[in-house]
Amino acid sequence: MLLLEAEIYLHKPSDSASALKNDLETRHIIRPSINFGNDQLFSGDIWALHQEKMFYRGVNYTVLIKMPTIESEAFESIGRFVRPGNSFRIQTGLRVIGTGTIKDYIYEE
C-alpha cells in the first residue's frame, strides 16, 4: 500500500474545461485516478487531513491519499516518480480534474 501526504488543487471551470462541475463533500469517498507522469492510472482514496467538510475547486488542500492497490510490482513501475516535491495529475478517466504535489509518502508491502 502507498500512502501519500500531498497538496492538491482541483481545477475550477475558469482554469480548465475538464474541471468538475461541483465542489466535493468530504463525507463521500473521493476515489479518482492518480497519474504520476507515466500515464499509468492508479486509484486512490483522498481524505481531508484537517477535517474539511468540502473540497472547493480553486483552493489548495493538504490531504492523505491511500492507494491500497499499489503492491510491489506496481511500485517498481512508479517508484521513481513517488518523491517529495514531484507532481501528479488527478483524473477521472482521461479527464484531468486537478493536480497535486507529493509532500511525503510511506510504502508498505
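What follows is calculated from the coordinates using simple rules that are stated; it is not laboratory data. Please read all numbers here as calculations on a predicted model, not as lab measurements. A quick note on method: Cβ atoms are made from the backbone with ideal geometry, for glycine too, and the neighbour counts reach across all protein chains shown.
Points worth noting:
- When you filter the trypsin sites (Lys or Arg not before Pro) in region 20-82 for DSSP loop state and at most 16 other Cβ atoms inside 10 Å of their Cβ, you are left with 21, 27, 53.
- Note on the chain: dipole from Cβ charges, positive end direction compared against 97, 14, 24; the farthest Cα belongs to 14.
- Dipole magnitude of the chain about its Cα centre (Cβ charges: Lys, Arg +1; Asp, Glu -1), debye to nearest 20: 500
- In terms of overall dimensions, region 49-109 has a Cα radius of gyration and Dmax of 13.0, 35 angstrom.
- Efficiency of FRET from Cβ geometry, residue 72 and residue 92, R₀ 41 Å, rounded to 0.05: 0.95
- The helix-only estimate of mean residue ellipticity at 222 nm for the chain, built from DSSP H runs of length n ≥ 4 each weighted as -39500 (n - 2.57), is -1500 deg cm²/dmol after division by the residue total.
- Average Cα contact separation per residue, the chain, under 8 Å, 6 or more apart, as relative contact order %: 41
- If you run the Gaussian network model on the chain, springs between alpha carbon atoms under 10 Å, then out of 97, 29, 65 the most flexible one is 29.
- Equivalent ellipsoid dimensions for the chain as semi-axes, Å, which come from the Cα gyration tensor, largest first: 22, 15, 12
- Under Karplus coefficients 6.51, -1.76 and 1.60, residue-wise ³J(HN,Hα) of region 64-69 in Hz, glycine/proline x: 10, 10, 9, 10, x, 7
- Separation of the residue 64 and residue 103 label points, Cα + 7 Å toward Cβ, nm: 1.3
- The GNM of the chain, with springs linking C-alpha atoms under 10 angstrom apart, assigns the highest mean-square fluctuation among 33, 43, 14 to 14.
- Once the gyration tensor of the Cα atoms in region 1-58 is diagonalised, the equivalent ellipsoid follows with semi-axes of 19, 17, 10 Å, ordered largest first.
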